[in-house]
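Taken together, the values in this text are just the output of simple stated rules run on the coordinates, not laboratory data. From a predicted model like this one, the values you see are computed outputs, not experimental measurements. All Cβ positions, even for glycine, are placed from backbone atoms using ideal geometry, and neighbour counts span all protein chains on display.
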Amino acid sequence: MQHSLLFNALIYLLAAVVAVPVAQRFGLGAVLGYLLAGMAIGPWGLRLITEVDDILHFSEFGVVLLLFLIGLELDPKRLWALRKPIFGWGSAQVGAVSALLFGAGLLLGMDWRAALIAALGLSLSSTAIALATLGERNLLKTPAGSAGFSILLFQDIAAIPMIAIVPLLGGVGAAGGNGWLGAAKVFGVIAGLIVAGRFLMRPILRIIAKTDMREIFTAFALLLVIAIGLLMQMVGMSMALGTFMAGVLLADSEYRHALESDLEPFKGLLLGLFFIAVGMSVDFGVLLAQPLRILSFVALFLAIKTAVLYGLSKRFEIPRAQQALFAFLLSQGGEFAFVVFGAAATAEIFSPETASILVVVVALSMVVTPLLLLAHDRLIAPAFRGGKQRDADAIEAQENHVIIAGFGRFGQIVGRLLHANRIGLTVLDHDPDQIDLLRTFGFKVFYGDVTRTDLLHAAGAAKAQALVVAIDDVEDSLALVDAVRREFPDLPIMARARNVSHLYDLMDRGVTILERETFEAALQLGRQVLQHLGFGAYHARQVAMKFRAHNIRSLNAVYPFYKDQAQRVSMAKQARDELTEMFARDAEALDNERSKSWD
């Protein structure tokens, strides 16, 4: 058995290492690479792996980890703000798609119960494919990404009652008392999660963090996710939904970033394994027996679902440039469809043949999705780009002293100063027009997503003496710092802070050389105002420098408590009172020395 496990691991890793880079090389995307790898090594390919169901169940843990990490990005306030799109947009999508597919099923001669379950199952989309693609393309924070995430979250919630009604339609439902008991168990588990997340998890994480043993912290992070997933499964709920809730409850924890960095590698590997298992699950026997029928079902299913999603995208006020992408992204069948159809076959609502056909339709729709996205990138997206966007520049290995990420107004000042003093620079930015303009003045500027580790490697981050983070967007700035901390822990980072919250987020990541973008300029202007009002130049400078020193001391004093709102407000008031007293003493002491001030 040990040899079998190692052999299987060897096959999975070899298939991924070969197929994914080839797929990426031809612009097909990593997801399609994993799916093709699964087809190649599965029962209908080389037959190197045959235990498809076991692997599929195990690899679903990758989806669980994905939802937990997404939950860590959403604090409860932000999730509450999303309640309207989650339940409004989500119910609209599931309802509209289910209604049309139900009608199509009846027209094809299906029993109404089978048509209803098939329609409900097919209305669900693949959380793994959609979220992995959104993350890969850095689209989670776009309108299409936000709408897609809201709908996927609703689908995970909706899958629970879908699975619950299957035995009722099959005539093998449980008694009403058991139903109420099940609901009470679900409510109890959710309440327990909320209480534990608020009052128990953080003290435990604090104790483990004090051991200063990274592997134990990683082990506890995995233990936490697995335990919550199993607990939710025991009461008949979605493991992914439960771990998502746990992630939300820990979103404002000081250990959030450590949890993210520890679990990210496991998520990537298990998601890849999940896609490989889906590729292996495609039953080519059913497909070869009736290819035209199966392919017609896939085409009809994708056409109905894509049309509904495209129509809803207009109601959701998604920009025109992202509407087709949004529709293609959620057009496939989802992981929970396998569960729904399996339950329907057990309850004898489906015949084994119908269940096999539907499973193949879902699996093939997953395979087709990356091809639809590729067609979108090649045929539809260029019409909205207007020639302004392009592929990332290919950067030959650089060994310059300093890398500047972001070359807007802030980054330009830093870059010009260093360039004037003959400091070697490599500049990364994402504005094509800006880049072309700067190149005419002799700057070496490259286009690309600066959070990509391959781009950072090519830019010479491994040998650079410093990285200047001058990106305008706060989230992108923090994502870059996180990427650099993981890949290049010894690279000194000097960063621009948009505001105090951004400053503290950077300090959380160990960045110590920081400048608030408006602070020094505002201080200089304040000095000019004082001089205009009659202060001597020396007096105005001293007052400004004293204010500067006091402000920096106050920020550093508040930093350990900045997540404690009450303590932060109290310390801010105290700092303001101290500053007022300090200026009053200064004014009294300097009144008699005005003549000594120089102008």
(message) Place a point 7 Å from Cα of ARG541 in the direction of its Cβ. Which residues in segment 500-528 have their backbone N less than 16 Å from it?
(response) 523-528
(message) Order these by the 10 Å Cβ neighbour count, fewest first: ASP476, ASP482, ASP212.
(response) ASP212, ASP482, ASP476
(message) How would segment 2-385 be classified by its alpha-carbon gyration tensor: rounded, prolate or oblate, with rounded meaning a/c under 1.5 and the a/b versus b/c comparison settling the rest?
(response) rounded
(request) Assign one of three labels to segment 230-389, namely rounded, prolate or oblate, based on the Cα gyration tensor with a ≥ b ≥ c the square roots of its eigenvalues; rounded applies when a/c is under 1.5, prolate when it is not and a/b is larger than b/c, and oblate otherwise. (result) oblate
(request) Could you line up ILE413, ILE471, ILE349 from fewest to most neighbouring Cβ atoms inside 10 Å? (result) ILE413, ILE349, ILE471
(request) Could you list MET366, MET234, MET39 in order of exposure, starting from the residue whose Cβ has the fewest other Cβ atoms within 10 Å? (result) MET234, MET39, MET366
(request) Go ahead and collect, in residue order, the members of segment 262-284 whose backbone nitrogen is under 17 Å from a label point 7 Å along the Cα-Cβ direction of LEU222. (result) 262-274
(message) With the cut-off at 31 Å, tell me which of the pairs LYS141/LYS546; LYS84/LYS267; LYS141/LYS210; LYS84/LYS185; LYS77/LYS546; LYS267/LYS305 have Cα atoms farther apart than that.
(response) LYS141/LYS546; LYS141/LYS210; LYS77/LYS546
(request) Starting from the Cα of LEU140, step 7 Å toward the Cβ, then list every residue of segment 10-53 with an amide N under 19 Å from that point. (result) 30-31
(request) Could you give the size of the charge dipole of segment 2-385 about its Cα centre, using +1 on the Cβ of each K and R and -1 on the Cβ of each D and E, expressed in debye and rounded to the nearest 20? (result) 1040 debye
(request) May I ask you to evaluate 6.51 cos²θ - 1.76 cosθ + 1.60, the Karplus curve with θ = phi - 60°, for each residue of segment 336-348 and list the ³J(HN,Hα) values in order in whole Hz, giving x for glycine and proline? (result) 5, 4, 4, 5, 4, 5, x, 5, 5, 5, 5, 7, 6
